[in-house]
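The values are calculated or read from the model by the stated rules, or taken from the named source; none is laboratory data. Predicted, not measured: the structure shown is a model, and the values here were computed from it. Don't worry about glycine lacking a Cβ; one is built from the backbone with ideal geometry, like all the others, and counts go over all protein chains shown. Side chains included, ligands, DNA and RNA excluded: accessible areas come from the protein's heavy atoms. Shrake-Rupley method; radii C 1.70, N 1.55, O 1.52, S 1.80 Å.
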Amino acid sequence: VQLVESGVGLVQAGGSLRLSCVVSGRTFNFHSMCWYRPAPGKRRELVAGVSIDSGYANYADSVKGRFTISRDNGKNTMYLQMNSLKPEDTAVYYCIAQESFKNYWGQGIQVTVSS
């Protein structure tokens with residue numbers, strides 16, 4: 001299983017970015033996918049997650065109303081649309097695919113929001 005993130009990583013505050021995560025390999029056991037980033041005082045925080053089957057999404061309070069997570073099962077791709085970006089959104093964003101007993105991680109992609 002491989003996860004590869006992509007997207008333009010530099011934007012001014014108030015701008016928008018879209019991250020993509022393409023999953024290859026054995027994908028049929030995944031029940032959800034999500035985006036994580038490091039957070040002050042924590043090892044990492046869940047930015048957003050989405051159910052593979054239902055499409056139900058959940059978000060960190062810090063990004064609600066600004067970020068939208070989605071998935072295209074036919075393309076094995078997950079997206080994170082980030083709007084109204086703030087300097088505090090600057091971080092390495094990791095794509096994760098979740099099975100019942102194992103998680104698979106992408107290599108991470110740097111997002112930098114300049115003030």
Within segment 103-115, considering residues that are in contact with a helix residue (DSSP H, G or I) (Cβ under 8 Å, 6 or more places away or on another chain) and over 13 Å from TYR36 (Cα atoms), the one most open to solvent (accessible area, probe 1.4 Å): SER115
Considering each residue of segment 19-32, count those that are more than 10 Å from CYS95 (Cα to Cα) and surrounded by 14 or more Cβ atoms within 10 Å (Cβ to Cβ), and give that number. 3
Check segment 94-102 and report whether any residue there is without any contact (Cβ under 8 Å) to a residue 24 or more places away in the chain, closer than 17 Å to VAL8 by Cα and open to solvent by 30 Å² or more (accessible area, probe 1.4 Å). no
May I ask you to list the residues in segment 9-18 that are outside any strand (DSSP E or B) and open to solvent by 40 Å² or more (accessible area, probe 1.4 Å)? ALA13, GLY14, SER16
Within segment 66-80, tally of residues that are within 10 Å of the chain's Cα centre (by Cα) and either within 17 Å of ILE52 (Cα to Cα) or of a type in the set (Val, Ile, Thr) (or both): 6
